[in-house]
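**Student:** Got a structure for you, questions after.
The values are calculated or read from the model by the stated rules, or taken from the named source; none is laboratory data. For clarity, every value in this text was computed on a predicted model and none was experimentally measured. Here the Cβ is made from the backbone with ideal geometry for all residues, glycine too, and neighbour counts use every protein chain on show.
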Amino acid sequence: MKRAKTLLVSVLLAASTLCATAQGSLAYSGSVWSNSDGFTSRCLGFTDTYPKQLYSLAQTQMPARGYSPVNGALGASFTRSAFLNQAVGNWAIYVHSHGDNYRATSGSGIDSAFLQDPGPTACSNYKVDSVRASSIKATTSGGPFNLVIMSTCRLGSSSSTMPGAFHIEKVKNSTDPEFFLGYVNLTYDSSQLRFERAFWSYLNAVGSPLRTASQAFAYASGLGGYSSPDTADPFQANWWGNPGYNGRARS
């Protein structure tokens, strides 16, 4: 991995320059982002408490996979520029927001996106709030990433370009340490919370270090009972990556 090698060289140079007595080690940072202002009663017509719960859950569980520090933002500080600035150094990323597979600005093909937080006086608008896959990929060209969770609508669908933004192939037989989790259709964030609680609890269970992310996905999927908007949008999660990868931070 290009980025890992670059960081390792930097760490070793710093250690030798400072005459450090302890061997340098890599920091595998992660970030958790939640667009909470776009889910307020002002925008939806009802009070939605799930963005904060999803944010807190990921903030708590990501360190158990070895990611530290865990940065990001809940609310108005979740901006496009803040996300892109942090993403370049992250190994794991979690996003809860509105998401969709938008047409590319060139007018040809798909350029998937999630929406930044619109701030406390506005509601989410894809024309001004989109954080597009193409922008992420251009910014993180030194990737790849270990664990990426898009807790949004549609970014786990077959047409999504979001996995490629984080240099994760849309295959289920990768040999790299990578795992992308997303949802296929329109989803209720109450269902996302139920699924992700099960996913994290299985993956981070005490005394179960060999469990993989794909096994955690299968466990959460097997619970069933997930509510969905309508029959045209049944609840369906999806993943791509390495079936044997345990989600832990690694280069």
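**Student:** In this structure, does LEU181 turn out to be within 17 Å of ASN101 (Cα to Cα) and outside any loop (DSSP other than H, G, I, E, B)?
**Tutor:** Working: within 17 Å of ASN101 (Cα to Cα): yes; outside any loop (DSSP other than H, G, I, E, B): yes.
Yes.
**Student:** Further, regarding this structure: Could you list, in sequence order, the residues of region 155-176 that are within 20 Å of ASP233 (Cβ to Cβ), surrounded by 15 or more Cβ atoms within 10 Å (Cβ to Cβ) and of a type in the set (S, T, N, Q)? Please lay out each step first, then the result.
**Tutor:** The first filter runs over region 155-176 and keeps only residues within 20 Å of ASP233 (Cβ to Cβ), leaving 155-160, 162.
Among the residues that remain, those that are also surrounded by 15 or more Cβ atoms within 10 Å (Cβ to Cβ) are: 155-157, 160, 162.
SER157, SER160, listed by residue number.
**Student:** Of the numbered conditions (1) within 15 Å of LEU193 (Cα to Cα); (2) without any contact (Cβ under 8 Å) to a residue 24 or more places away in the chain, PRO51 fails exactly one; give the number of that condition.
**Tutor:** With respect to (1) within 15 Å of LEU193 (Cα to Cα); (2) without any contact (Cβ under 8 Å) to a residue 24 or more places away in the chain, PRO51 is out only on (2).
**Student:** Shifting gears a bit: Considering only region 33-87, state which residues are surrounded by fewer than 16 Cβ atoms within 10 Å (Cβ to Cβ), of a type outside the set (Val, Ile, Thr) and more than 25 Å from ARG248 (Cα to Cα).
**Tutor:** Result: SER41, ARG42, CYS43, LEU44, GLY45, PHE46, SER77, SER81.
**Student:** In the set ASP100, ASP129, which member is out of contact with any helix residue (DSSP H, G or I) (no Cβ under 6 Å at 6 or more places or on another chain), buried (at least 16 other Cβ atoms within 10 Å of the Cβ) and more than 29 Å from ALA213 (Cα to Cα)? Please lay out each step first, then the result.
**Tutor:** Working: ASP100 fails: more than 29 Å from ALA213 (Cα to Cα).
Selected residue: ASP129, the only one of ASP100, ASP129 that is out of contact with any helix residue (DSSP H, G or I) (no Cβ under 6 Å at 6 or more places or on another chain), buried (at least 16 other Cβ atoms within 10 Å of the Cβ) and more than 29 Å from ALA213 (Cα to Cα).
**Student:** So, one more: Considering only residues that are surrounded by 15 or more Cβ atoms within 10 Å (Cβ to Cβ), assigned to a loop (DSSP other than H, G, I, E, B) and among the aliphatic types (A, V, I, L, M), which ones fall in region 192-251?
**Tutor:** Once the filter is applied, which keeps residues that are surrounded by 15 or more Cβ atoms within 10 Å (Cβ to Cβ), assigned to a loop (DSSP other than H, G, I, E, B) and among the aliphatic types (A, V, I, L, M), region 192-251 yields only ALA249.
**Student:** While we're here: Given GLY143, GLY119, which one is modelled with pLDDT under 95 and not in a strand (DSSP E or B)?
**Tutor:** Step by step, each of GLY143, GLY119 is checked, and only GLY143 is modelled with pLDDT under 95 and not in a strand (DSSP E or B).
**Student:** Test LEU84 against the criterion of being of a type in the set (A, V, I, L, M), touching a residue at least 40 places away in the same chain (Cβ under 8 Å), touching a strand residue (DSSP E or B) at 6+ places or on another chain (Cβ under 8 Å) and more than 26 Å from PHE217 (Cα to Cα), and give yes or no. First the steps, then the outcome.
**Tutor:** Working: of a type in the set (A, V, I, L, M): yes; touching a residue at least 40 places away in the same chain (Cβ under 8 Å): yes; touching a strand residue (DSSP E or B) at 6+ places or on another chain (Cβ under 8 Å): yes; more than 26 Å from PHE217 (Cα to Cα): yes.
Answer is yes for this residue.
**Student:** Tell me which residues, restricted to region 122-136, are among the hydroxyl-bearing types (Ser, Thr, Tyr) and either in a helix (DSSP H, G or I) or over 27 Å from ILE168 (Cβ atoms) (or both). Walk me through it before giving the result.
**Tutor:** Start the filter on region 122-136 by keeping residues that are among the hydroxyl-bearing types (Ser, Thr, Tyr), which leaves 124, 126, 130, 134-135.
Listed by number, the residues that qualify are TYR126, SER134, SER135.
**Student:** Further question on the same structure: Does SER112 satisfy the condition of being within 24 Å of PRO177 (Cα to Cα), modelled with pLDDT of 95 or more, in contact with a Gly (Cβ under 9 Å, 6 or more places away or on another chain) and of a type outside the set (Val, Ile, Thr)? I'd like the intermediate steps shown before the answer.
**Tutor:** Details: within 24 Å of PRO177 (Cα to Cα): yes; modelled with pLDDT of 95 or more: yes; in contact with a Gly (Cβ under 9 Å, 6 or more places away or on another chain): yes; of a type outside the set (Val, Ile, Thr): yes.
So SER112 fits the description; yes.
**Student:** Determine which member of the set VAL131, VAL88, VAL95, VAL70 is among the hydrophobic types (A, V, I, L, M, F, W, C) and touching a Lys or Arg at 6+ places or on another chain (Cβ under 7 Å).
**Tutor:** Working: VAL88 fails: touching a Lys or Arg at 6+ places or on another chain (Cβ under 7 Å); VAL95 fails: touching a Lys or Arg at 6+ places or on another chain (Cβ under 7 Å); VAL70 fails: touching a Lys or Arg at 6+ places or on another chain (Cβ under 7 Å).
One residue alone meets the criteria, VAL131.
**Student:** Could you grab the pairs with beta carbons closer than 7 Å, sequence gap of 6+ or different chains, first residue in region 192-208 and closer than 12 Å to LEU54 by Cβ, second one polar (S, T, N, Q)?
**Tutor:** Listed pairs, sorted by first residue: GLN192/SER151; LEU193/GLN53; GLU196/SER151; TRP200/GLN61.
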